[in-house]
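The block underneath contains the structure these notes are about, expressed in structure tokens.
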Amino acid sequence: MNTKVLLSQTDNIKTKTTNMLLNEYMEKKCEVNFDSRYCKSFNFYKNQEFDSCYVYSNSILNSLKSTKDKDVFNYILGVSALNKGLYKKALVFVKSISKDNPLFKDLKPLKLAEINLVTKSYKRSIEHYKQWEKNNSSTDIDLKIVAYHNFGLNYLHIKDYDNAKIFFSKKEEILNRKDTAEVISSKMELANAYYEQYLDNEAIPLFEEAYNLAKKFSNIKLKQNSAQNMAVIERNRKNYKESVIYYQEFIKWKDSLWNRDRIIELADRDKKLTVAQKDKEIAVQDEKLKRKEVVQRGLLFGASGLLLFIGALGFFYSKLRKQNTLITQQKEDLAIANKTKNYLFSVVSHDLRSPMNTIKYQHEQLKKHIETNNLEGIKEANNTAITVTESTSHLLNNVLHWSLEQSNQMVFAQKAYPLKPIVEHVLYDYENLIEANAIEISTNYIQNSIVNADRESIKIVLRNILDNAVKYMNGEGKITVEIGVDNENYSYVSIQDTGIGIPKDRLEKINALKGVSIDKIDRSEGVGLGLILCQTLVKKNKGILSFDSEVGKGTKVTIQLPIADE
């Protein structure tokens, strides 16, 4: 009997937020001096900056008088809430749209259907899609692709496979064959619908087509999903050897070790820069020798050319002095760059050796368990490999971010952002990890504010601090996240845990990290790359990072960020 194929791609709910009629309506409003706040909110919506869009749109909704304008902002708020995971609020906003507004004839039932699909109310979602299909007059191909995909996904979840195949087939009929990602996705959807009914003869060729297309395509997620599907199929057919080969390919895409290639690429670039700088030094020294020879020949001209010689000597001496100063500075920069490179290689070689050996061992164990059909052993080996891979991925991400920051390649744009949505977004990503470690997390939002910061770099800092809080929790414990305002210049976010704490001598070293650079850090003293990266990024945001800890009672980390000017 078949076991269901684990199709991650099929579970990917599609959405489409933009609409030509809605865009034209708002752009005309803005052309005739429509309130700039409205236009700003709409620009956030078009650029999919849903945190800012939600805040601005909420603040002006009640001031609107026109029903048409209220409908527009109810839709914008519904889309923003949906993307922020606020499903109940999204449903309230979208339901508030007028029934007779032609702008939302297609968009309202589609958005209600998407919200119900996300919340697993599949039958309600199907009713809304039927309403859309009945009244649909849109020529928007992308909108139809989204609708047919989600229509089929609903039927797949309620095991109505015939209807699922109908709508997945409709989607495939209108697909642009040049859109390889959609073609692969569509083939896997149809294949899964057949496979659920044990129609292997129809399903397996489609899975194989999707796998072969994905191998030639650049989308790593599709490569991973198609390899996973083939591994499950071969396992169900009891072709365990082939299944292991496919599963190993799946793990190769899963473990994110491609980041290592990025690091090596950066290291090679640093090496080339070092060689180029050395060549420049040699060229300068050669030039210096040539000029000395010129000076020596000038001495032979005798007393008649003495004044001219002295003047030329003074000119050359001044120029050589400037060049020597430049060479000295370049030499110091090269020394720091080389030490940074050596440190990064040290981190990679030291910290990757153990997890790589662990992953290799778990793969060997997995192979043995598959041969003996030990399902419990397979699950345990797989979970261990995934845990080690996630930890290794976090290390590689820190090395990559540090390398990008040091080489001035990290995108850094300070803007005005509400602090609370940034923190909530990071906490949402950590829900599963915190649950798995039996850790309680609580929030205390004393006062939200808008800070002037680069959002992505602050998220990197928060993730590192939360990772350390979980890592050093020592069993069950509690993490408390608090947001407030210190004074008129700074807001703060603090993360306090009940872990093992930090010894006093090490705490002093961590709090002393000012003007951080690799050449000032001794890794043997317990100050890792993660803390160096945090201190660097907070300082770049013109903020302050501080640690307070007591051994056996836990640690409190506070990030202070400048409040944005209104």
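Just a few scattered comments:
- Prolate/oblate/rounded label for region 415-562 (Cα gyration tensor, a/c 1.5): oblate
- Per-residue 3J(HN,Hα) values for region 230-238, derived from phi via the Karplus relation 6.51 cos²θ - 1.76 cosθ + 1.60 with θ = phi - 60°, read 5, 4, 5, 4, 5, 5, 5, 8, 6 Hz in sequence order (x marks Gly and Pro).
- Gained length - Gln323 relative to Glu364, 0.36 nm times residue gap less alpha-carbon distance: 8.8 nm
- Estimated at 0.36 nm per residue, the fully extended path between Lys471 and Asn437 surpasses their Cα-Cα distance by 11.3 nm.
- Per-residue HN-Hα couplings for region 414-431 [Karplus 6.51, -1.76, 1.60; θ = phi - 60°; Hz; x = Gly/Pro]: 7, 9, 7, 10, x, 6, 4, x, 4, 5, 5, 5, 5, 4, 4, 5, 9, 4
- Region 26-98 shape via C-alpha gyration tensor axes, a/c threshold 1.5: oblate
- Links that overshoot a 29 Å alpha carbon limit, given the list Lys65/Lys415; Lys29/Lys105; Lys331/Lys415: Lys65/Lys415; Lys331/Lys415
- Net charge, Lys553 excluded, C-beta distance under 13 Å - Lys, Arg +1, Asp, Glu -1: 0
- Proximal charge balance of Thr480 [Cβ under 10 Å; K/R count +1, D/E count -1]: -1
- Inter-probe distance in nm under a simple model that places probes 7 Å from Cα toward Cβ, at Asn487 and Glu24: 5.6
- Of Lys134/Lys171; Lys89/Lys171; Lys241/Lys360; Lys459/Lys540, pairs whose Cα-Cα distance is over 21 Å: Lys89/Lys171
- With R₀ fixed at 45 Å, the C-beta to C-beta distance from Lys123 to Val411 puts the FRET efficiency at about 0.55.
- Pair Ile245, Phe315: separation of 7 Å Cα→Cβ label points (nm): 7.5
All of the numbers you see were taken from the coordinates with simple rules; none came from a lab. Quick caveat: nothing in here was measured; it's all calculated off a predicted structure. A quick note on method: Cβ atoms are made from the backbone with ideal geometry, for glycine too, and the neighbour counts reach across all protein chains shown.
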